Amino acid sequence: MHETAHELGRIAVTNVGYLWLIPLFPLIGATINALVGWKLQQLFGKKIVHRIAVTAMFAAFGVALVAFSQMLRLPSEERFLQDTLWNLMTAGRMTVDFGFALDPLSMMMVLVITGIGSLIHVFSIGYMHDEPSYWRFFSYLNLFVFAMLLLVMGDNFAVMFFGWEGVGLASYLLISFWYTDPEKAKAGMKAFVANRFGDFGFLAGLFLLFWALGGAWTPRTGSGLRNNDYQPIAELNATAGAATAAQAHALAPAVHDVKVGPTMSFRELRDQVVIESTGVKEHLAGSTIWGVSLLTLVCILLFVGAMGKSAQIPLYVWLPDAMAGPTPVSALIHAATMVTAGVYMVARLNFLFALSPSAMGWVALIGAATAIFAASIGFFQYDIKKVLAYSTVSQLGFMFIGVGVGAYWAGAYHLLTHAFFKATLFLGSGSVILGCHHEQDMRKMGGLKKHMPITRWTYLAACWAIAGFPWMNGFYSKDEILYKAFTSGHLALFGVPTPWLGPAIFVVGIVAATGTSFYMFRSYYMTFTGEYRGNAGHHDEHNEDPHSASAAAMSHLSVSVHASDGAVHADGHAHGHAAPAHGHAVHAPAAAAATAHAPAHDDHGHHGGTPHESPWTVTLVLSLLALGSFFTLFLGIPMAWTGKAPILEHWLAPALTAQEGVPFQHLSHTTEYMFQAIGVLAGAVGWFFAMLLFKDAKSEVPARLKERFLGVWTVVYEKYYVDELYAVAVLKPSLKVAQAASWFDSNVIDRLVLLTGTVTRVVANLDGAIDKYLVDGAVNAVASVTQECGRYLRSLQTGKVQTYLYGALGGALVVVLLNFLIS
Amino acid sequence: MFTPGNVLSWATFFPVIGSALIVVLLAAKFFLRLDKKLVDDGSRWIALVTSALSFAAAIAAWRMYDPSATGVQLVQHFTWIRAFNIEFYFGVDGISISMVLLSGLISFIATIASMPWWSGKKDAEMAGMVDDGHDDPHHPKHFSVRMVPGYMAMLLLLQTGMMGTFVALDMFLFYVFWEIMLLPMYFLIGIWGGPRKEYAAIKFFLYTLAGSVLMLLAIIGIYYNSAPAQLADGSWSSGHTFNLIELAKQGAAGQFRNAAPILGFSFAKIVFIGLFIGFAIKIPMFPFHTWLPDAHVEAPTPISVILAGVLLKMGIYGILRFNYGILPDATAWAAGAIAVFGVINIIYAAFVCLAQKDLKKLIAYSSVSHMGFSLLGMAAMTPQGISGAVLNLFTHGIISPMLFLIVGVIYDRAHHREIEKFGGLAQELPEYSAIMGLAFFASLGLPGLAGFISEFTVFSGAFPVFTTYTIISATSVILTAAYYLWAIHRMFLGKLNPVYKGYPDLNWRERMALYPLAVICIYLGFYPQAILGVINPALHALIQNIKPL
Amino acid sequence: MQISLSHFLVVGALLFAFGIVTVATRRNAVGVLMGVELILNGANVNFVAFNHYSGGGVTGQVFALFVIVLAAAEAAVGLAIVLAIFQTFKTIDVRAADLMRE
């Protein structure tokens, strides 16, 4: 389709035998902690628990580095490591191996997951220190990493889906980690069910694709233009019965040495689609189902899966609620890794999406809409984690703009940069929450820069990154995405080309970027500047804010405050020997902490003293992540500056085969500089207004504006009432249908059955009556008639001869008379 | 001890031997005035040992079965009633071998679950498992200490009936075992069941008998339209045959295509419908499913386990063996309707689940929903569809017993099953909550656990044939997640209801029943080929008869 | 006036009729027996008359004699029965003797 694209060949596979170790270590960690963690914790204390978990993470990271170094040594076209473990299942043409593969894209993901994941594990040591179910937390966290690694390393859709659902499970478990609070438990449930909507789309898209490859749907037009060797209907044996993997492989026809036909494997799929001489591409592009282009439908359905996992409109609603989980979880799962799974999936299938401009248009459009929508909600939130949650949704929207318009590497790069700066922000907020004694409401913070310098600087650095200033990484990825969006004239919607869509998305993106910069700096100024407002005695007002995490969780966390700052001093000793310098009234020993939740909340007022910097495990991790947010900028220095392709683009090129073929307009370098300037300007404008309005909490303008536009404010603050809309539009009707079905079952179907029974009984009674009165009655009637006759006749027999004689005479007389009459 | 020639007989008849031994024991009690406790314990151990031996024989059969060879294996075949061409014919092929293994396993698990073992006396009293001689009608004793020898004898007889149904390859023999299974079930529900046990038992019995009648008529119809076949001793049968394998060959060759019509309708179609309804009641398929919730709710836990784990599978097994095997033309004709019923089962029952307040009813309806997958998969007649359908029988046969055991655990403690009345149990019963979470997630189709693979295979198999139906059915992944998670939410999460403080967590008997199933569940989640590789060849051959490729 | 057969027959019929009426109406058992004698004698008249008018022989007379003898025996048996009835019922009213009715 693109003239400049050189003929692509099959992926050269390097078989290695150790990839399975990468997910194995977290799995072992999770298993040990899940099965015997409670006992270990009892016997040896909490150290053993986190040592197991963190060791597992670093081991996985180590193996990932080995794989990375091996990959670096290979020529770029051959960077594909594969490790097939066993045949998962075979039925007919569908054969699925349980196997792993690493290409540059998944390598990047694995490094992010194990690297940032390890850091977040370390952070959790301090953050969760006083949690009684410490073992459970680390077990879940390791389980999550295991599932996430399956997701990115799976060499086929099935293994990816294992991970896809596995991270959903881990996310559910971790969001509902403090399950005694029904609200938090419900948030977990919401996340899982909302994700299932996406999974439904994912599965439908997957099956559609699988069978489309088998030629199950006929092409739109006659096969005049198909002058190649791919004969889908005749030769693919799509329904042939193979019992073993070997038989299934034997059924697969090969065209020019490329295996074609239905497959679950990414590599085989990529090979047959990318190599044009197989004709698969033409077949897919020409097929329709229900009058819609099949490929578009496949891509959109798969994207529905991504919408669920990556929290895009309209399935984003679970992510803000997911903030009910512990903060490290929010950082790892709901910012850095799991939520980017959708972006990863679209990037992984770039060769498919690139074939359907309509699907690309939709992806980009949904991404842009989500970016601006979520950013606008972020404007007025007071809960620091909610702000970050909406900013995550918004940033995911940016990533989808990237992969949607065809700038796959830029989307992936934003994924990487976002993982760093958003993890920094979340962990920073976790540090703030720790420091403020489990306060999440920014109205009760302020002035923390004095007390928490490291947290403040790292948070500020991450704000620069997300707002897009050139001295941090966020600028490079966001700028690349928006620039590519502006230059993409190839998008379409419903099969209609829409060259205006790219520039429109650019404008929306710039507005969203300005907004992002505004609310992120708003959160920075509200939190770190001005005077500390935490002593004002507002502790009972948690519930005033409908979004603030509920009080039960606070009480949980408030206990861990003591031990986590205690951990600075007492890492090697017994727990809970906190220094008196912190001025806390209560220092419950860790062992007793388990029983101390309930009173802890009542104590809340007591430790409302000065905020304090977090323990070294926390600040160390924050610093490392902030440094990461800086150094990763070198991966994406734009070509306009150096004349060379950015390092990451070059690295990812073998995996993102469709990248080269996307027909972006080519603008001059001057124009590109201008776009970069616009990007920086957008960030600066947002920063300026945030500083104006929120620095040191001096300005009265925000309050006045809120008064002036209270209606608008309320609608936005209440998140446009989307949750309520869902309740009315989805939840209630489903329950109604369920009630109706249940009613129908017990009152109609079962009644019918009972009715059958009743009818049978009535018939039986009738039958009994007939038997009793008709059949038996007839028999009795014969007898009784005889008897009655006898009785009457008996009275004739008087025993008196004279009477008989009368009879005889009468008879004779009659005979005589008759004789006369007749004759 | 086990040879290919006798292993299936051992698997089938070990339990009935145990049953006979218990009767002998009862006679000995009468004549020798043995102690009641001795007799009770004796019958328990007889039941355990014989069902364990039956399970061992089933495992041996699984290991002896050679998936690469075609046709029937482990055959035991001789003439039984010469005058009517009835033979004693045991054997397995890819359709039944997995069911033999499942039946042996679930029977053994159910026997374990029938034991009144409990670690402490106080806890045992809580469950009503202490046999102190007098039975208060207001607080009935646990089923495991009431009329123990009778219970065990019935349970063993039931096991023989189930195993025999799966291995019998003679229509008459099949019918005999099918009916043998019915009677003990009636008594087990009717005597050892819950408050409305009589109603449930009668409903179950009449419902299944109604199915049996249709089936019997169809069997006789098939018999009188069959051609003679060779008997076990090499001679030819007189006129007709009951041999299922021969009948399948004749059916594939079109023997029943031109049989005389009944009341103006095609013979094959009428017989197909008769057989299908007979089996559909067992599945149970909408709208013949309403006996199931009642039977489950009233049945004691091990009986629910057997009911959900094995009995429901017989419906699908029977359809595959009879309808698909003998009447391929009519099957092709009915495939669309089967798929529609499958979809209704899946979606309708899932919605009904969402509205249930009784935990056991919820799980009973979820069984109805999950059996719909098998219907949909086998209707599609693709290799994936049919393999998925049979795999679904196996995985559901692992998961649903877990679910019912889990309900039994909480019922033994709380003596009710109202989901709304629980709350926060995860704090008091962490191990129980974990295993229940595992079972629920397995049932809602989480990858890595057994349920997912069968759903995935069924969907992928049904998709090209019934695209719309499959997409509708796939919405069940959302509904299933919703009702299970909501149940977890209401029962385990949130604040602990103080009523349940101090409840004991799982005891060893419950662990012995639950953990093996959990391990199998995870194993199959990651290696379903263990089952698929064995059942694939025979199943794919089966559908090739129906739709020549 | 020639005495013809008809005259005898009328006498016989009258005797028979008187006898019948007696048997039918008398409650006294002895009366009934006497009625029976009248009937028999009515018949005897007929026998003898038919014998005379139908030409020669003595068959009619023999029969009449036989009937007279039979009537005597009958009267004897009848009177014995009447005596037995009287002993049983203390009356010779024939209506009382209805024991066999039930």
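Quick grid of which residues meet (1) surrounded by fewer than 24 Cβ atoms within 10 Å (Cβ to Cβ); (2) in a helix (DSSP H, G or I); (3) touching a strand residue (DSSP E or B) at 6+ places or on another chain (Cβ under 8 Å); (4) on the phi < 0 side of the Ramachandran plot:
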site: B:HIS289; (1), (2), (3), (4): no, no, no, yes
site: B:LEU292; (1), (2), (3), (4): no, yes, no, yes
site: B:PRO302; (1), (2), (3), (4): no, yes, no, yes
site: B:ARG321; (1), (2), (3), (4): no, yes, no, yes
site: B:THR331; (1), (2), (3), (4): no, yes, no, yes
site: B:ILE347; (1), (2), (3), (4): yes, yes, no, yes
site: B:ALA350; (1), (2), (3), (4): no, yes, no, yes
### Message
When you scan region B:364-373, do you find a residue that is aromatic (Phe, Trp, Tyr) and within 13 Å of another protein chain (Cβ to nearest Cβ), even just one?
### Response
yes
### Message
For region A:153-161, check the following and say yes or no: at least one residue is surrounded by fewer than 24 Cβ atoms within 10 Å (Cβ to Cβ), acidic (Asp, Glu) and outside any helix (DSSP H, G or I).
### Response
no
### Message
The conditions are (1) touching a residue at least 12 places away in the same chain (Cβ under 8 Å); (2) within 11 Å of chain A (Cβ to nearest Cβ), and B:THR467 fails exactly one of them. Which is it?
### Response
(1)
### Query
Of these, A:ALA812, A:ALA740, A:ALA764, which one is at pLDDT 85 or above and surrounded by 13 or more Cβ atoms within 10 Å (Cβ to Cβ)?
A:ALA740
### Query
Can you pull out the residues in region B:326-341 that are more than 30 Å from B:LEU405 (Cβ to Cβ) and either within 12 Å of chain A (Cβ to nearest Cβ) or of a type in the set (A, V, I, L, M, F, W, C) (or both)?
B:ILE326, B:LEU327, B:ALA330, B:ALA332, B:TRP333, B:ALA334, B:ALA335, B:ALA337, B:ILE338, B:ALA339, B:VAL340
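Per-residue answers, yes or no, for (1) loosely packed, with under 14 Cβ neighbours inside 10 Å; (2) in contact with a Pro (Cβ under 9 Å, 6 or more places away or on another chain):
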{"residue": "A:LYS644", "(1), (2)": "yes, no"}
{"residue": "A:PRO654", "(1), (2)": "no, yes"}
{"residue": "A:HIS666", "(1), (2)": "yes, no"}
{"residue": "A:PHE675", "(1), (2)": "no, no"}
{"residue": "A:GLY686", "(1), (2)": "no, no"}
{"residue": "A:PHE694", "(1), (2)": "no, yes"}
{"residue": "A:GLU700", "(1), (2)": "yes, no"}
### Summary
Expected single match for in contact (Cβ under 8 Å) with a residue 40 or more places away in the chain and within 14 Å of chain A (Cβ to nearest Cβ) among B:PHE256, B:PHE279, B:PHE288 is B:PHE288
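Could you name every one of the helices (runs of 4 or more DSSP H) located completely within region A:438-508 that has at least 2 residues being among the polar types (S, T, N, Q)?
Per the criteria, A:453-467, A:473-486.
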### Task
Name, by its number, the condition in (1) at the interface with chain A (Cβ under 10 Å from one of its Cβ atoms); (2) closer than 22 Å to B:GLY309 by Cα; (3) touching a Gly at 6+ places or on another chain (Cβ under 6 Å) that does not hold for B:LYS495.
(2)
### Message
Condition check: modelled with pLDDT under 75, of a type in the set (Asp, Glu), assigned to a helix (DSSP H, G or I) and surrounded by fewer than 23 Cβ atoms within 10 Å (Cβ to Cβ). Does B:ASP123 satisfy that?
### Response
yes
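Okay, residues lined up against (1) surrounded by fewer than 18 Cβ atoms within 10 Å (Cβ to Cβ); (2) away from chain B (no Cβ under 14 Å); (3) within 30 Å of A:ALA187 (Cβ to Cβ):
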position	(1), (2), (3)
A:VAL255	no, yes, no
A:PRO262	no, no, no
A:CYS299	no, yes, no
A:PHE303	no, yes, yes
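Which of the residues spanning region B:342-363 are more than 13 Å from chain A (Cβ to nearest Cβ) and either out of contact with any His (no Cβ under 8 Å at 6 or more places or on another chain) or modelled with pLDDT under 90 (or both)?
In the first step, residues of region B:342-363 are kept if they are more than 13 Å from chain A (Cβ to nearest Cβ); the result is B:342-343, B:359-360, B:363.
Answer for region B:342-363, where residues must be more than 13 Å from chain A (Cβ to nearest Cβ) and either out of contact with any His (no Cβ under 8 Å at 6 or more places or on another chain) or modelled with pLDDT under 90 (or both): B:GLY342, B:VAL343, B:LEU359.
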### Tally of residues being part of a loop (DSSP other than H, G, I, E, B), in contact with a helix residue (DSSP H, G or I) (Cβ under 9 Å, 6 or more places away or on another chain) and of a type outside the set (A, V, I, L, M) across region B:492-549
11
### Summary
Across (1) under 24 Å from B:ILE202 (Cα atoms); (2) within 14 Å of another protein chain (Cβ to nearest Cβ); (3) assigned to a helix (DSSP H, G or I), B:VAL310 clears everything bar (2)
#### Entry: Pair list, Cβ < 9 Å and 6+ apart or interchain, from region C:17-45 residues that are among the basic types (Lys, Arg) to residues that are assigned to a loop (DSSP other than H, G, I, E, B)
C:ARG27/C:ILE92
### Task
Evaluate region A:766-781: report whether one residue or more is away from chain B (no Cβ under 14 Å), touching a residue at least 60 places away in the same chain (Cβ under 8 Å), of a type in the set (D, E, K, R) and not in a loop (DSSP other than H, G, I, E, B).
no
### Message
Just checking, does region A:85-94 include any residue being more than 14 Å from chain B (Cβ to nearest Cβ), touching a strand residue (DSSP E or B) at 6+ places or on another chain (Cβ under 8 Å) and over 30 Å from B:TYR432 (Cα atoms)?
### Response
no
### Query
Across region C:44-102, which residue is surrounded by the fewest Cβ atoms within 10 Å (Cβ to Cβ) among those that are of a type in the set (S, T, N, Q) and more than 22 Å from C:GLY19 (Cα to Cα)?
C:GLN87
### Answer from A:LEU43, A:LEU111, A:LEU105, A:LEU8 - the residue that is of a type in the set (A, V, I, L, M, F, W, C), away from chain B (no Cβ under 14 Å) and not in a helix (DSSP H, G or I)
A:LEU8
### Query
If you check B:ILE17 against the conditions, is it at pLDDT 90 or above, farther than 19 Å from B:MET115 by Cβ and either aliphatic (A, V, I, L, M) or not in a helix (DSSP H, G or I) (or both)?
yes
### Hey, A:TYR344 outside any helix (DSSP H, G or I) and surrounded by 24 or more Cβ atoms within 10 Å (Cβ to Cβ) or not
no
### Summary
In region B:413-429, residues that are part of a helix (DSSP H, G or I) and more than 14 Å from chain A (Cβ to nearest Cβ) total 3
### Task
Please indicate, with yes or no, whether at least one residue in region B:448-462 is within 9 Å of chain A (Cβ to nearest Cβ) and outside any helix (DSSP H, G or I).
yes
### Task
Output the residues belonging to region A:182-217 that are part of a helix (DSSP H, G or I), of a type outside the set (A, V, I, L, M, F, W, C) and more than 7 Å from chain B (Cβ to nearest Cβ).
A:GLU183, A:LYS184, A:GLY188, A:LYS190, A:ASN195, A:GLY198, A:GLY201, A:GLY205
### Message
Between C:ILE81, C:ILE39, which is under 17 Å from A:LYS800 (Cβ atoms), within 14 Å of another protein chain (Cβ to nearest Cβ) and not small (Gly, Ala, Ser)?
### Response
C:ILE81
### Task
With the checklist (1) at the interface with chain A (Cβ under 8 Å from one of its Cβ atoms); (2) surrounded by fewer than 20 Cβ atoms within 10 Å (Cβ to Cβ); (3) under 22 Å from the mean Cα position of the chain (by Cα) in hand, flag the one item B:LEU532 doesn't pass.
(2)
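The values are calculated or read from the model by the stated rules, or taken from the named source; none is laboratory data. None of the values given here were measured: they were computed from a predicted structure. We place every Cβ from the backbone using ideal geometry, glycine too, and count neighbours over all the protein chains shown.
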